[in-house]
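What follows is calculated from the coordinates using simple rules that are stated; it is not laboratory data. All values reported here derive from a predicted model rather than from experimental measurement. Note that each Cβ is placed from the backbone with ideal geometry, even for glycine, and that neighbours are counted across all protein chains shown.
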Amino acid sequence: MSRGRVEQIGTPSEIYDRPETIFVAGFIGSANLLPGKVSAPLKVQLAVGPTIDVPLLPSGATGSGEDVTVMLRPERLTPTVDTVAGRSVTGRIDDVIYQGSETLLIVHLEDETEVLVTIDPDHATAATKVGNQVTLTWSPDAPFVMPGRTAIVGATGTDFNEVEATMAGDLDADDDVEGGEGHPNAAPPATPEKLRNEGRRKLLIGSGVAIVAGLGAVGLSNVGSNEGGSSGTSSSSGGAAGGGLGQGDTDLNIINWTEYIDPTADGESGTIDLFSKEFNVKTNYSETWNDNNASYGTEFVAYLEGGNSTPWDIAMPTYWMAARIKSKDWLAPLPFNLIPNYVNLDEQYLNTEWDPGSKFNLPWQAGVTGIAYNIAETGRELTSVADLFAPDLKGRVGFFTEMRDTLGLVMLEMGNDPRKPTEDTINAALDRIEQAKNDGQIRRFTGNDYLQDIQNGNFAACIAWSGDIAQASNPDVKFVFPEEGAMNWFDTMVIPIGAPNGVAAAEFMNYVYDPVNAAKITSYVQYISPVKGVREELEKLGGDAAALAENPLLFPGDEEKARMYIFGDMPEALDESVTDRFTTMTGA
């Protein structure tokens, strides 16, 4: 069962070998879930690369291009050096874990998707050592294909993912899940440094994990809360959070951008108050994340580089900043056992290069970066990024301190593709921005505080985020999807390593991924929701909310999507040099 619904009825072998849903596949035992598309009869093109042969397609999945998920159980994979056409993938062995009756291999495929392989310890050879490249093959009947695209890519299951998402530190196998601070067997407080070092692999080796024989049952221990943080049990959630998280479920500290959730106003309770009341959680909600780089320094670096926990249980940086934070090992793996509503998320946000399978981040809102103008100040309509450089707007233009948004739009205006940034195209854009600054064209660079300037006339035009302008109280302020194209982005929820209130954080994530609650948020913030079903819920609300269901900035059509660009990855050295030059220029 899942959330009160029967997923499948069958014998143990039927449920294990032929799961009817992706949920069952991941919940019963370990499974490697690989999304793909039907490419021909009995062939699936995997997202990780190769096209494989499958013994059977799901009922109705006969046409090319249909989304499917291939399940490969760890025990059905064989490490070898030989490639078998239609029945193999290649990767790198990152860990070898002896578990008595079997040895577990953790393998990262070429796109960094993590898969599990189990072999008999007697079959371990020189080829199955850490660091080796390996080919994984399987018998023709091993792949099992299910309809739909999995949100969690790669290794999953109760005897792996639950361990990864629920435990950290030196724990005793007989600790009570409900122990909490003061429990006689509770683990000592775990520092961020300790949590970084006590990873999944040590846990699987045997630092307190009791993997029970049968259908993947797991004995889970409690993680002690951090000093100074709240503690609590997970009685209301039905499970524990962990992987660098405390067990607090009565307090929650969230840092977010301004005007980014519906407030309590006009006699109607907002999402924060509704959540707090329903789950009996005291929520401290701060709107002080004003700029990614600045907040990264004040809210992460200032604490975690000194070995301390941040004050926050949830932060909502933009995706590229979340990638930087993750690269520092400052994010806790998400406790998906407490976030069942993640199945409602749009898959396009769930498999980034920096976090395959979204094990460390889940999207908050997405949006479009374009331009805005105050027609009372411009006296004319604006249609393009090039208008920001018009002589008649000199000294009345605002640019963002958000580097990728600003650079991306200027690169588009110059005819360059921000999805494939190069040193030359980036520096050309930087030169153009710097010249505009020196010429007095740009009044100032802003973070999230630009909205007041465009409404009161300090800016005649500026770079802008779509949802902000939709909320503008001045009817003279217009948002433009530029002729050259617009930048696409998403802000995402992350849980910092060592966060004391892991249970409450997971409950909040699960709450806002309910389409009914997500629609309420969307009707206020007017950004692109990552939650499937929001459009239908807006229509049910009627009135102004129903009108939003037809807004192309909230629900872009194919024409808009074709002109939306996500800023591409840069090599670390180039990223650092570009960031240094940009922040020096903007004063951020």
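Tabulated values for the structure
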quantity	calculated
Region 12-153: Rg to Rh, with Rh as the Kirkwood radius over Cα pairs	0.96
Distance from region 420-437 to region 126-157 (C-alpha centre basis), Å	43
For peptides 448-455, 547-554, sequence by mean Cβ density within 10 Å, most packed first	448-455, 547-554
Stokes-Einstein D for region 313-424, Kirkwood Rh over Cα pairs, 25 °C, 0.890 mPa s (µm²/s)	142
Burial order of peptide ranges 251-262, 391-402, 275-286 (average beta-carbon count within 10 Å, highest first)	251-262, 391-402, 275-286
Too-long pairs where the Cα-Cα distance tops 29 Å, listed order kept, from Lys420/Lys561; Lys326/Lys394; Lys359/Lys520; Lys129/Lys328; Lys277/Lys328	Lys326/Lys394; Lys277/Lys328
Volume in Å³ per residue [convex hull over Cα atoms, computed for region 241-369]	134
Descending principal axes extents, region 14-94, alpha-carbon based, whole Å	36, 29, 18
Part-to-part distance (alpha-carbon centres) for region 460-486 and region 543-588, which is given in Å	13
Burial order of peptide ranges 411-421, 496-506 (average beta-carbon count within 10 Å, highest first)	496-506, 411-421
Region 73-101 versus region 276-350: alpha-carbon centroid distance in Å	34
Separation of the Glu560 and Ser473 label points, Cα + 7 Å toward Cβ, nm	2.6
Neighbourhood charge, 10 Å Cβ-Cβ cut-off, centred on Glu75 and excluding it, Lys, Arg +1 and Asp, Glu -1	0
